[in-house]
Structures are given as structure tokens and as C-alpha cells.
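See below for the structure under consideration.
The values are calculated or read from the model by the stated rules, or taken from the named source; none is laboratory data. Just so it is clear, the model here is predicted, and its values are computed rather than measured. Cβ atoms come from the backbone with ideal geometry, glycine included; neighbour counts cover every protein chain shown. For the accessible areas, the whole protein counts, side chains as well, though only heavy atoms, and no ligand, DNA or RNA atoms are used. Shrake-Rupley method; radii C 1.70, N 1.55, O 1.52, S 1.80 Å.
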Amino acid sequence: MEAISLTINGKRVSCPSGTSVLTVAEANGFRIPTLCHHPDLKPFGSCRMCLVEDEKSGRIMASCVTPAAPDMSIQTASPRVLTHRKNIIRLMMAEHPESCVVCSKGNRCRLRGIAAEMGLGETGLYPMANFKAVEALNPFIVRDLSKCILCGKCIRADHELVVAGAIDYNGRGFRSRPATLLDRPLEQSTCTFCGTCVSICPTGALSTTLSGYVGSPEREQVTVCSFCGVGCLLRAGAAGERVVEVNPAGVQESVNGATLCVRGHFAHDYLNSPRRLTAPMIRKENELTPVSWAEALDSVADRLLEIRKAHGPQSIGFLGSSKCTNEENYLFQKMARTLIGCNNVDNGGVLSGRPAFSVIHERTGWGCRVNPLARLEQAEAILMMGADPGQSTPVLSYYIRRAAQKGIPLVGVDVRKTDLTPFAAAWICIRPGRDLEWIYCLTARLWKRFGHDATYIEQFTQGFGPYCDAVSAFNPERLCMESGVDLAVLDRAVDLLKGRKVTFIIGDGIMRQRQGPGVVNAVLNLALMTGSLGHDRAGLYVITRENNQAGAWDMGAVPDALPGRVPIGDAAGRRRWERAWKVKVSPDRGLNMIRMVEAAEKGTLKALYVMGENPVLSLPQHERVSAALEGLDLLVVQDILDTETSRLADVVLPGAASPEKGGSFTNMEGRITRFDPVVAPPGKSLPDWEILDRLGQTLGNPQPFRSVEHVQEEIARLIPPYGALNPMPDDGWAWLRHAEPARLFSGREDGPLIPFSALGDMNGDDGDETYPLTAVLRSLRFHLGSGTRSGCSRRIAAFAPPDGISISPEDSRALNVSEGDTVRIQSRHGSITRAVRINRDLLEGCIFIPTGVRGNDALNLVDLADVNAPGFEGFTRCRVQLKKQGGADEAQSH
């Protein structure tokens, strides 16, 4: 791009052609006040606060919407400019209510700040009363539009960043205001209550509903959200040692920018919950009794060593956390392997489809790990399968919406319509359990219409011949019929994807089901066939449910791999870690989370150490899990909240939430983000890494770390992809580094080729006369996982939608149930009772059940089975029947 030069306040500067005067000025250290401008929004020019003067022409112009021109001579604070700015402020203040003392925006109000800078305490104008009633109809957002200055930031953020379309300008002139369609309440609009409009508003026109604290925080600090795998940056406001406010950090090049979701903005009440654990406790006379840290750690160490001596190291299990930091998971698994001597280590990520994730790692190594979400807005085409990011990972859905808004074709495939359906160029509803049929059908259709990249295939892959032969034998018409897809709709998707590099987005609907590994293999084959891996405008995105699900695996908190995802059976890799740790590591694969429960039931697992997980609520079959844990000789629970699991513990160790400690998380993009504590942990609780370090010393570790930085130093030294963790760049984040020289990702001519895999068996769900309906289990945006933390939010509890099940109108008629009726949903493994909601977006024979509500009891419908077992059905789907309650007629089947 051509560079031009101009003069600002007598200084010669240069910039690319087309850059706004405001951008050039700010880049060169000249401050120009603004109210309507925001770096993440398109220039608008409504407030006119950023006026500057062109000395040559004498023009006064808004710098945010004026492109810099060659040889301009700009004055940012000339007498004429200052006069205009003061008059604009005076007019705004004349209409503004005099309520600064009680305004929630306080000293952060941009209007008040600019007025103070200009020395304007009084306007000298008659007040122009513009009264509008305060609206506090929902538990999240208070609207006092008497303070609105019509900067349009909230509307533009809604349309440009979140792309919800909930609000727009309503009325003209003096009556103009941001409002919903037909001026309905926000809760009756498409608003998702992400809070972006609140955090971006420059005045007190929009504010959050108070949650026990009034006024501006004493200090603010950037930290990382711990609610999902996106890894948003937060700006946490603290008063004393309490986090009292959370907003987007607004850091440029962060994954979320100026946005958040309803959980990230409003569900941090758990930090100050009465359920917080604040002191170590030991069960004495069947009661958990507070004790000193020394007594608690001595008790844990003594009992672990006694059990190991009596029953062997395999009698002890360690359940780490996909919500704890990289450093804590590294210390946790290291303690299990080096001080206890077992590989019975796992984390909650096993529930999120690790077998399917393993397929990706086995075939591509670390090559597919780095996928910035920002690339989605430059994609050539997007194919989204089994994903509902608007509910699970809302910030990811903003990227997809913006991409679709730019004209990038989006093809969505799921068992039901979602809030991204209106943005799709093609939306395909398939029968539950028929994902393999669908992906093979698409592959065959693309192959027959020459939708493959022959050059790419020859240069970077191997085994295409046998794969091509198998694909050629497919009958697309038959596969369409089996998957419930109309062939014309499929051809529409083929037209959108043919000749383009495809970005694949895979969600829970694929990863957590029985066929997940087979579907992922098929998707990787299609990505290789279309030349879509390793391309800047394409790639593979797999949604991670938990904030550090990827990092916990990388750190070795899994039963079958050491840190760096080195397979436990890899003798050479194991020897490298033995040399680093100066101990022998067992070559035997350990027990995963579910097998630990099974071993506890059999009596072979005697002790379990749980850190940052609530398996009683997060696993299927709650009563069975609870009974298994009660039968242990020792249950140690290290957590931040009093949970269903901690109440069963013999020893409770109070840990710290992420704003109360330092460490790092690895998000779904492959971004490692380091953070420091915002406040101190409550009471006697400690950062989890410190608890583990102290316990390690008690167990006999001669070289404690004593600081989180020392842990990071060891991780960076021993795990090559994490080499940037210590020292971390100044901005606090870095990308994972490639650890394997695949030709596709490294560009090396001698790098290994990526193979096409053999096709999997299409043994889909063939139906069940006793249980004729298929239940789809997924979370809603208000709750994540088991709902342990989000359930502490009073605001979410007051607003979350009804927790009933959704059924199609066809099923409603066939089963003789109506909106609001109570039904019992019965599976082979359990039953729950819910109210019925009619949803036209569901396929006949399919019902939707939200998880994370009512104690996550929906998982009682699912079998507690090992994810590697032949009979594993998955965690997102099961066969059920419905029985109408409270009447003579009961619906059991069609």
C-alpha cells in the first residue's frame, strides 16, 4: 500500500494511504478526545468530538472519518477546534441529567472526563430535560437512556461485533434512542445478554445490575475467563480483596476484543459465593472439621503413602482439572508419576471427546493446533458440523456471524436448527447418529464433481488411491436417504464448497458421540482431499468445552500420555522424561476418569485425589458415582467451592480461582495466555500450584518449585511447543510452537506426508421400538458443563430460560402432549421429569434436553461407560421414551 506523509501539530509523519487522520494522530502520540469512536468499530463520526483543523484549507473535520491526504497540515487543538469541542460538550451536558454522584459509571464516564479536561463544570445553557424512564426489567442490564448521548456504540457493537441485531435507532430528533424492534423489552429480542453494549457505552446510559457493590472498582487488572475454550481476556475490577466487576479487557489482537458472553460477563458470582471453601478440612467423627494446612497436608501424604504401601501405586487415582492452569496440571501429574508411581491420571476433558481429539493428533501432530479465530473472517468457505457455538462458545459464534455477514458461505450440519441457521448459505438437518453417512455423501458428491485438489494431494498426502476407490463406490442417493438429507440441499452445499479451501468447525455433537473418531477421520480425509489443511484461509477448528482442556492434555494430565502428548508406550519418549525427572516412569497405561469410578466400585481403587472437578455432577449416573466415591478408603478434594464431591471427601483442600492466582491457559486456538492474580484467595485458601508444591515436599520431593515462574521454566524447557511460556512476550500471550516437522505445516521437503485413513463403518442408530425417540443433550449459553460455577450466579438463575425439554410439533401430536405438559423421559439407564416445549426447529423423532440445570440430572439418562469401551454410546445422545404425567393417557411411542 502506498505511503503518504503529512504534518500533525508541526511534526512530519507518514502512514499508509486510506488511514484516518485520527489513527495517524494516535499512532504518533497525539491524543484526540473521542466519544463515538472505538478501534473495533467502523468509524461513525456522530459525536464530532474528534474535530481537527486543516491549516491549509481552514476546514474543521471529524478526524475519525477523514482519510489522511498527502501534505495535509493538521492541528488537533487549535483555538477554533477547542471552541467547537467545548460547545459540543456544553450541548451534551445541557441535555444530560446532573446525577454524576450516584451514576454507576463514576469516574470512568467519558463525557465527564472530557468535560473535566476542558475545564467545563457548568454549561451556561438552559437545561434541556430529556427524561426517559430507567429500565431494569432483566437481571443483567439497566438502561437509563436519559444519559444516552446517541454515540451509537451499543448499536454498532450489536451489529458489527456480536451481530445479534437486537437494537437499532428508534425515533427521530429529540426522541431518538437505541431500542429493540417494536420497542419491546430486551428479553423479548434477539439479545443474548453478552454485556458488550454495557462495557462499550461511554456514559451511564447502560450499566450492569448491581451485585453487592456500588461504585467504581478500586483497581483493575487483566485476567483470563475460565468458562470455555475460547479463552477471553477479562478486565476484572476489584475492591479490597473481592472481584466486584468483570468487563472485556479490550486488548487489541486478543481473541475476544471488546466482546464477552453472558457467562463471561455475569457468571463470576461464584468468586464471592458463600459456597467458597476457605480453610482446609479433615473428616473427624463423620464431620468435616477445619484444620491447619500442616495437619491437612501431613494427613494426605501419610494416608497416600500408607495406601501405596499396602495396595500398590495402582490403587491410587488422580483426577486433575481441565479448568486449572497448565502449571497446576503439570505439577499434579508429575506428583502422581514421580512420587506415587502411577499413571492413573485424568481430567474432565475425557468427557469432551478425547478419543476423537486423539485422531487429529495422531494424524497431524501439532500441526493443526494453531488456528487463530480471526482467520474465520478471511475464510473461503466454512463447514460447521455438530456445533452450536452460539450456546457453547458464544465468542466463536460472533466470528462465524461476521464471516457470514461478509459473504463467506457457511454450511451448517446438525440434528437441529440453531441461532446460526439464519446466517447459513445452506443448513442441513440430519438424522441423529448419521454423521458418517452425511460426510461420506458430501465427499462422494465433491469427488464426482472434481472438487478435489490434485496438486495438494500429490505434494502433501499419501494413500489417496485406495481412499479414492472407496469414495468412488459410494452411492450418494442412498447415503442421503439414510442420513435424512435432501439431495438437492446437498448439491447446494457442494456448489458452495467446490473449488474453495474449506474451514471445518467441529462441535460436541461430533466429538462426544460414539462415532466421533470415525467422523473426525472422515473430516480429515475431506480436508486433505480439498487441500484445506495448512492453508491461511482454511483449517480445522475443534470446539473445546473447558477453558484449559487442551492445556491439561498437553501437560500430561491423562492416563496414556506424558507431557507434550508423548504416548506412555513410547519407550524413547518415556526415557526422555525419566532423565528429566530422575525417576522411572511406569510404561502401563493408567485408568481414565470413568475407569477410576469402575475400579472404586470393584474395590481395587482405594484412594482418589480430585483437583478442580466435580465428578458426582459432571459424570453420568450421579448416584452410582457418589456411591463409588463413598466406598474409597481416602477421597481428597481440592476445589474452590463446596460441591457434591467435596461433601464426600475425607480431606478438603481449598484452592484458588483463576483471578486469585497466576499461571497460564491454552485455548482452542493454540494460544497460551499467562496471567497474574487480581486478588488474594479468600480465607486460608491457596493457589492450587502452591498446595501441590507443598504436598510434594511432604511426600518427599527434594526440589520444590516455590514459585509458578519456576514451574513455567521447567515446562518451557521440557515441552518444545511451550517454549515461549518462559520468558513470555510482553503482551502476555504466545502461540504453541510446531513440534513435528510434517511437510504440510513445516514446508520441509523431507517432512512426513499425512496419510488418508481407511473409511469407518457406517453403523448408525437403527432405532429402538422400546425407546423410539432420540434425546440430544447439550448445554445452553447460560450454563457450562455441570453448572457448578454458573449455578452460583443469582442473575443467571433469575433469567435462565425454562429447563424443559423441546420436541417437534409432529411428536407433540403423535404423543398427545401439549406445551407445558409434564412428561417423564425414560432411557435404559435412568429417567427425569420435565415440562414440554414445542420447537419447530427440531426433526421428528428427536427431542432436546438442556444440561447443566437441575443438578445436571439429564446425564442420568446416559450410561456411565468408558469412552474406549465397545458399548460406549456417547454423552450427547441416547434413546428414550416419553410418558405423559398427570393424566390417564401416557405417551410411550409413535
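Rounded to the nearest 20, the Cβ-based charge dipole of the stretch 211-257 about its Cα centre (Lys and Arg +1, Asp and Glu -1) stands at 60 debye. Here Glu117 sits with roughly 110 square angstrom of accessible surface, probe radius 1.4 Å.
Given +1 at the Cβ of Lys and Arg, -1 at the Cβ of Asp and Glu and no other charges, the dipole of the stretch 274-370 around its Cα centre is 340 debye to the nearest 20.
In terms of the mean number of neighbouring beta-carbon atoms within 10 Å, the peptides 257-264, 79-86 order highest first as 257-264, 79-86.
I'd like the distance separating the alpha-carbon centroids of the stretch 6-32 and the stretch 483-517, in whole Å. Taking the Cα centre of each part, the stretch 6-32 and the stretch 483-517 sit 47 Å apart. Lysines within cross-link reach of Lys684: Cα-Cα under 28 Å, excluding same-chain residues under 8 positions apart? Candidates past the 8-residue exclusion: Lys284, Lys323, Lys334, Lys661. Loop-located GluC sites (Glu not before Pro) in the stretch 183-253 (DSSP state not H, G, I, E or B) with no more than 13 neighbouring Cβ atoms inside 10 Å: Glu218, Glu241, Glu253. Here the Karplus curve 6.51 cos²θ - 1.76 cosθ + 1.60, taken at θ = phi - 60°, turns the phi angles of the stretch 96-102 into couplings of 7, x, 8, 10, 4, 5, 10 Hz, with x standing for Gly and Pro.
Taking Rh as the Kirkwood radius, which is the inverse of the mean 1/r over Cα pairs, what is the Rg/Rh value for the stretch 94-169?
Values: Rg = 14.4 Å, Rh = 14.4 Å.
Checking Rg against Rh, the ratio lands at 1.00.
Largest first, the residues Cys103, Cys846 sort by 1.4 Å accessible area into Cys103, Cys846.
Counting only Cβ charges, +1 for Lys and Arg and -1 for Asp and Glu, the dipole size of the stretch 497-584 around its Cα centre is about 200 debye.
Ordering 305-316, 422-433 by mean Cβ neighbour count within 10 Å, with the highest value first, yields 422-433, 305-316. Across the options Ser397, Gly412, Pro372, the greatest Cα extent toward the positive end of the charge dipole of the stretch 358-448 (unit charges at beta carbon of Lys, Arg, Asp, Glu) belongs to Gly412. With the highest mean first, a sort of the peptides 498-508, 795-805, 549-559 on other beta-carbon atoms found within 10 angstrom per residue produces 549-559, 498-508, 795-805. For Arg748, Arg337, the ranking by accessible surface with the largest value first comes to Arg748, Arg337, using a 1.4 Å probe. Among all the aspartates and glutamates, which ones have a C-alpha under 17 Å from Lys448's C-alpha, if same-chain residues fewer than 8 places away are not counted? Correct list for Lys448: Glu437, Asp469, Glu477, Asp491, Asp495. Per residue, the chain reaches -8000 deg cm²/dmol at 222 nm when only DSSP H runs of four or more residues are counted, each adding -39500 (n - 2.57). Toward the positive end of the charge dipole of the chain, with +1 on the Cβ of Lys and Arg and -1 on the Cβ of Asp and Glu, the farthest Cα among Tyr541, Gly320, Pro654 is that of Tyr541. For the stretch 286-395, the list of chymotrypsin sites (Phe, Trp or Tyr not before Pro) that fall in a loop by DSSP and count at most 15 other C-beta atoms within 10 angstrom is empty. Normalised by residue number, the volume inside the convex hull of the Cα atoms of the stretch 648-740 is 148 Å³ per residue. If you take the alpha carbon atoms of the chain and fit the smallest convex hull around them, that volume is 185 Å³ per residue. Where the centroid of each part is defined by its Cα atoms, how far is the stretch 198-275 from the stretch 526-580 in Å? Taking the Cα centre of the stretch 526-580 as reference, the centre of the stretch 198-275 is 31 Å away.
Ordering Met481, Leu528, His265 by the projection of their Cα atoms onto the charge dipole of the chain, which places +1 on the Cβ of Lys and Arg and -1 on the Cβ of Asp and Glu, puts His265 at the extreme positive end. Rolling a 1.4 Å probe over the protein heavy atoms leaves Lys56 with an accessible area of roughly 150 Å².
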